[in-house]
Amino acid sequence: MNKTPTNLIFDLHGVIFDYNGKTSAKSLIYTLPPGLEILKRCAQIKDSCGKKLHKIYILSNWGKAGFDKIRQQFPEILELFDGCVISGEAGYSKPEKEIFELLINRYQIKNQPCVFIDDSEVNVIAAQQFGWTTIFYDNPAHVKQLLEKLNII
C-alpha cells in the first residue's frame, strides 16, 4: 500500500473487550487495556487543523445483547469510532464476505486504504481479499510497531 491508510477497522472481542462466560446480557464485559491504549492513540492523531486523520470503524462478531451492554457500559469508548458493523445486528459474521461488504458499502470506503486489526487469523485472511492491510492482533507491542511503520501512530 503506497498511501497512508485513512480507515482503521478494529475487531472488538480479544482486542478492545473481553467477557467472562457466554456473550449475553448477563456476561461481565471488561476492557483489555493494551488494545484500548492502541485505539485511543489512533483516535488522537489529528492533522495541523485539528481534524482526525483516520476514520475508525468496528467490524466485530458480537451478539446483539452483549453489544447493547457495551453501548450502555462503555459509551466513551464507542465515541472513538466513526461507525460499526456488529454480526449480531448485521446477520452475517466474519469471515463471511457479506459482513465486510456491508461495512464497505455502509461507510463508502471501497478502494480506500484500510487497516484491519483482528485476533483471528481466518478473519485477517478474509480481509486481505478486499485489499486491506491486515494486522493479526497477537501481541500489543507488535501491533504498535506495525502501526508505527504504517505512519498511523
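Derivation of every value follows stated rules applied to the coordinates shown; laboratory data play no part. What you see is a predicted model; the values in this text were computed from it and never measured. A quick note on method: Cβ atoms are made from the backbone with ideal geometry, for glycine too, and the neighbour counts reach across all protein chains shown.
Filter the range 105-122 down to residues that are in contact with a strand residue (DSSP E or B) (Cβ under 9 Å, 6 or more places away or on another chain) and of a type in the set (A, V, I, L, M) and give me whichever is nearest to residue 58 (Cα to Cα). Can you show your working first?
Keep residues of the range 105-122 that are in contact with a strand residue (DSSP E or B) (Cβ under 9 Å, 6 or more places away or on another chain), which gives 106-107, 109, 112-121.
Next, from what is left, pick out any that are of a type in the set (A, V, I, L, M): 109, 115, 117.
Working: 109: 13, 115: 12, 117: 10 Å.
Checking each candidate, the answer is 117.
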The range 136-151, subset over 14 Å from the mean Cα position of the chain (by Cα) and aliphatic (A, V, I, L, M), residue surrounded by the most Cβ atoms within 10 Å (Cβ to Cβ): 146
Entirely in the range 66-151, the helices (runs of 4 or more DSSP H) that have 1 or more residues that are β-branched (Val, Ile, Thr), under 19 Å from residue 34 (Cα atoms) and in contact (Cβ under 8 Å) with a residue 60 or more places away in the chain: 75-78, 140-149
Residue 77 of a type in the set (A, V, I, L, M, F, W, C) and either surrounded by fewer than 16 Cβ atoms within 10 Å (Cβ to Cβ) or under 23 Å from residue 95 (Cβ atoms) (or both): no
Filter result (closer than 15 Å to residue 12 by Cβ, surrounded by fewer than 21 Cβ atoms within 10 Å (Cβ to Cβ) and among the charged types (D, E, K, R)) within the range 84-135: 89, 119
